[in-house]
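Chemist: What follows is a structure written as structure tokens; I'll ask about it next.
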Amino acid sequence: MTSGEQITSRTLLERVRDPADRVAWERFYGIYAPLIERFAATHGLSHDEIEDVRDESLARVAAKLPEFEYDPRRGGFRGWLYRIVRGKVVDHLRRAGARNADTRELQTAPDPSPTPDEVWERLWREEHLRYALREVAEHVSERTYQTFRLLLVDELTVADVCERMGMNANQVYKAKARGLAAVRGILERLGVEPDA
């Protein structure tokens, strides 16, 4: 994505309605395929089943996207995609005869662990954040990006980053602020509310 190009979640959804828009589909896949895979993995599916859930879900999205109407009151795209993916996960759990009890628990029984809805919400935010972190390199200088990654991804202390990057603390804090601003901007363009 070029720095001047702004693709909001809504714009991306409009663009992927065109199966020939490869750039939009690659961006869409880059954001949502890992989300679907991680959600399927939380239900104990095998690697092959996870890939099947991903592929079946994306095929369903591609088929149904022309009918999809963006309505934030009904959960918007996030809720619509969740219903598709959850349905595919449940289908795979049902097919795995030995896991029928897990399927019933997934659908009905109270469980002290996070609900599928809570897991989906957490993964939704995490995948969008991962995507934004990958994209931030295009929006800041290499030095700022490396400093930002050392602080927030590698979780080094400011003193360690200063030593490694040959910077003073003020420069490190400024790089962190620039990196965070870039991440927030990317998340906002994707239609995701950045956390505080």
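The values are calculated or read from the model by the stated rules, or taken from the named source; none is laboratory data. Fair warning: this is a prediction, and the values are worked out from it, not measured in the lab. No Cβ is skipped: glycine too gets one built from the backbone with ideal geometry, and neighbour counts run over all protein chains shown.
Chemist: I want to confirm something. Restricting to region 27-86 and keeping residues that are out of contact with any helix residue (DSSP H, G or I) (no Cβ under 7 Å at 6 or more places or on another chain) and of a type in the set (Asp, Glu), which single residue is nearest to Arg17 (Cα to Cα)?
Modeler: Checked region 27-86; the qualifying residue nearest to Arg17 (Cα to Cα) is Glu67.
Chemist: Would you mind telling me which numbered condition in (1) part of a helix (DSSP H, G or I); (2) modelled with pLDDT of 85 or more Ala98 fails?
Modeler: Tallying (1) part of a helix (DSSP H, G or I); (2) modelled with pLDDT of 85 or more, Ala98 fails exactly one: (2).
Chemist: Pairs under 9 Å by beta carbon, first residue aliphatic (A, V, I, L, M) in region 4-20, partner modelled with pLDDT under 70 and exposed (fewer than 12 other Cβ atoms within 10 Å of the Cβ), six or more apart or different chains?
Modeler: Between residues of region 4-20 that are aliphatic (A, V, I, L, M) and residues that are modelled with pLDDT under 70 and exposed (fewer than 12 other Cβ atoms within 10 Å of the Cβ), there is no close pair.
Chemist: For Ala20, state whether it is of a type in the set (A, V, I, L, M, F, W, C) and modelled with pLDDT of 90 or more.
Modeler: no
Chemist: Taking the residues in region 114-166 that are farther than 22 Å from Gly185 by Cβ, in contact (Cβ under 8 Å) with a residue 12 or more places away in the chain and outside the structural domain of Val85 (by TED's automatic domain parsing) as candidates, determine which candidate is surrounded by the fewest Cβ atoms within 10 Å (Cβ to Cβ).
Modeler: Top of the filtered list is Arg164.
Chemist: Among the residues of region 24-40, is there at least one that is among the small types (Gly, Ala, Ser), assigned to a helix (DSSP H, G or I), surrounded by 13 or more Cβ atoms within 10 Å (Cβ to Cβ) and in contact with a His (Cβ under 9 Å, 6 or more places away or on another chain)?
Modeler: So the first thing to find is which residues in region 24-40 are among the small types (Gly, Ala, Ser), and the list is 24, 30, 33, 40.
Retained after the next criterion (residues that are assigned to a helix (DSSP H, G or I)): 24, 30, 33, 40.
Next, from what is left, pick out any that are surrounded by 13 or more Cβ atoms within 10 Å (Cβ to Cβ): 24, 30, 33, 40.
Subsequent filtering for residues that are in contact with a His (Cβ under 9 Å, 6 or more places away or on another chain) retains 40.
Yes, some residue in region 24-40 is among the small types (Gly, Ala, Ser), assigned to a helix (DSSP H, G or I), surrounded by 13 or more Cβ atoms within 10 Å (Cβ to Cβ) and in contact with a His (Cβ under 9 Å, 6 or more places away or on another chain).
Chemist: Quick one: in region 151-166, which of the residues that are in a helix (DSSP H, G or I) and aliphatic (A, V, I, L, M) is farthest from Arg10 (Cα to Cα)? If you could, list the steps in order and put the result at the bottom.
Modeler: Keep residues of region 151-166 that are in a helix (DSSP H, G or I), which gives 151-152, 158-165.
Going one step further and asking which of them are aliphatic (A, V, I, L, M), we end up with 151-152, 158-159, 161, 165.
Numbers: Leu151: 32, Leu152: 29, Val158: 38, Ala159: 41, Val161: 38, Met165: 39 Å.
Checking each candidate, the answer is Ala159.
Chemist: Still on this structure: Can you spot a residue in region 50-61 that is charged (D, E, K, R) and surrounded by 20 or more Cβ atoms within 10 Å (Cβ to Cβ)?
Modeler: yes
Chemist: Within region 167-196, which residues are modelled with pLDDT of 90 or more, crowded, with 17+ Cβ neighbours inside 10 Å and outside any helix (DSSP H, G or I)?
Modeler: Result: Met167, single match.
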